[in-house]
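The values are calculated or read from the model by the stated rules, or taken from the named source; none is laboratory data. Just so we're clear, the structure is a prediction, and the values are computed from it rather than from any experiment. Glycine also receives a Cβ, built like all others from the backbone with ideal geometry; neighbour counts cover every protein chain displayed. The area values use the complete protein model at the heavy-atom level, side chains included, leaving out ligands, DNA and RNA. Shrake-Rupley method; radii C 1.70, N 1.55, O 1.52, S 1.80 Å.
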Amino acid sequence: MSTDDVPEYPMPRAAECPFDPPPLLKQLQEEAPLTRISVFGRPAWMITRYAGQRLLADPRLSSDVSRPNFQSSSPQLLPQDDRFGGGFITLDDPEHARMRRMVTAPFTVKRVEALRPKVQRIVDRLIDDLLAGPNPADLMSALALPIPSLVICELLGVPYEDHDFFQQNSLSLLDTTAGPADQLKAHSNLGSFLDELIGQKITNPGEDLLTDLAEQVRAGNLSRSEAAGNGLLMLVAGHETTANMIALGTLALLEHPDQFELLKKTDDPAVVGGAVEELLRYLNIAHMGRWRQVVEDLEFEGHTLKAGDNVVFANNIANRDPEVFADPDSLDLTRDARGHVAFGFGPHACLGQPLARMELKVVYRTLYHRIPTLRLAVPLAEIPFKHDATVYGVASLPVTWQPHHHNESRSS
């Protein structure tokens with residue numbers, strides 16, 4: 001296909017089903033799994049099949065956003081535009097691996113599981129508050145946002161009283177319709193905020209991830225701005241993604257009553273865990289894809305991807321590949337969805353995925369058990385979806401329930 005006449009990249013828009021990728025992506029997956037497209041007016045390759053996601057592990061593809069003409073989902077702001085950078089995800093190995101190792105410890109499965117009782121207490125308390133408050137209520141502000149915000153603040157050592165500040169700046173940073181000045185200001189605000197906290201941790205250490213980063217600064221392994229950039233990455237990624245999965249996953253279940261019933265009635269951790277994997281596969285909130293640049297010519301699907309070419313991996317449609325997942329457009333909590341690529345693939349696969357999984361298991365198990373009559377308070381058509389955000393989700397989720405038909409008992 002000529003690069004002079006390529007289809008415009010199909011930015012996600014609400015269609016008949018707001019949980020599905022754009023129809024054009026399905027068409028490309030069937031007819032042209034590797035195709036030239038136009039992304040914000042510039043040519044790039046798009047990979048839409050599941051098998052093609054393996055290229056994310058190929059060292060001939062770069063994540064380094066400082067490379068000339070590197071294309072991203074938000075072209076008006078690349079993280080090298082200010083002094084805090086984009087954290088280790090915008091680097092290649094070996095520098096990526098060196099920085100990532102500095103922050104790995106809190107995200108191991110063992111450390112995350114030790115946090116589970118604390119997360120359970122947070123979830124129970126917020127559900128208590130929800131039930132004691134107005135009905136209907138906005139599940140996004142009452143539950144979905146505060147849960148991961150409280151957890152990531154605890155992990156990083158960020159004062160929770162600052163959550164409004166970092167949530168507002170995170171929204172601006174991830175809004176692809178925001179102007180470059182607004183995005184750069186949000187990035188700088190968050191970086192300065194974390195830089196100041198790291199400065200405090202250097203002289204007054206705690207038991208948290210920012211203290212770990214501060215120690216790396218004292219040892220000369222990181223600059224303060226690099227430490228702040230990595231802290232910024234984990235703060236934004238640690239609450240925005242999980243918050244949207246809590247709300248969007250709940251909405252998907254409310255729209256699929258048979259699946260909702262299955263989850264309400266089980267206490268089996270394996271069933272709950274399987275439900276989390278299927279919702280991650282089905283919803284795939286990183287709907288702008290993953291972006292790389294070719295650094296060395298390579299052959300793929302009968303085409304030559306040349307050095308300097310940009311590549312977008314459409315992970316949302318890859319998770320709907322019928323060659324891997326039978327009846328992929330159906331939400332089926334009983335399927336084995338563990339092979340999904342919602343967290344990416346290869347060396348840049350999401351560091352925080354054990355934490356996200358644990359939080360989602362606690363929320364999905366507890367919320368629907370305690371409020372089994374939960375339902376939407378408005379028609380689906382009135383739900384405001386965040387189509388122009390880097391992380392897909394809903395801006396609010398009005399819900400209601402039968403006041404005397406909820407379970408007062410907390411989870412053990």
| Based on the alpha-carbon gyration tensor of the range 142-244 and its eigenvalue square roots a ≥ b ≥ c, which shape applies: rounded if a/c is under 1.5, prolate if not and a/b is larger than b/c, or oblate? | oblate
| task | Tally the DSSP beta bridges in the chain and give the antiparallel ones as a percent, rounded to 5. | result | 85 percent
| When the chain is fully extended, how far beyond the present Cα-Cα distance does Phe40 get from Asp388, taking 0.36 nm per residue of separation? | 123.9 nm
| query | Excluding same-chain residues fewer than 8 positions from Lys264, which lysines have a Cα within less than 19 Å of its Cα? | reply | Lys361
| Expressed in nm², what is the orientationally averaged projection area of the convex hull enclosing the Cα positions of the range 108-167? | 4.6 nm²
| Toward the positive end of the charge dipole of the range 107-150, about the Cα centre and with charges on Cβ (Lys, Arg +1; Asp, Glu -1), which of Pro148, Leu131, Phe107 goes farthest? | Phe107
| request: At a Cα cut-off below 13 Å, give the aspartates and glutamates reachable from Lys201, other chains included and same-chain residues fewer than 8 away excluded. | output: Asp212, Glu215
| request: Roll a 1.4 Å probe over the protein heavy atoms and report the accessible area of Trp401 in Å², nearest 10. | output: 10 Å²
| Averaged per residue, what accessible area in Å² does the chain show with a 1.4 Å probe, protein chains only? | 42 Å²
| task | Compute the Rg to Rh ratio over the range 310-411 from the alpha carbon atoms, using the Kirkwood formula for Rh, and round to two decimal places. | result | 1.01
| note | Taking the square root of 5λ for each eigenvalue of the C-alpha gyration tensor of the chain, the equivalent ellipsoid has semi-axes, largest first and in whole angstrom, of 33, 29, 19
| remark: Those helices of the chain passing the 20 Å axial Cα length cut-off and the mean Kyte-Doolittle cut-off of 0.5 (DSSP H runs only) are 224-254, 269-283
| said: List the lysines whose Cα sits under 28 Å from the Cα of Lys306, skipping any in the same chain fewer than 8 residues away. | reply: Lys26
| Residue separation times 0.36 nm, minus the C-alpha to C-alpha distance between Ala105 and Ala32: what's the value? | 22.2 nm
| remark: In whole percent, the fraction of accessible protein surface over the range 89-162 that belongs to carbon or sulfur atoms, probe radius 1.4 Å, stands at 60 percent
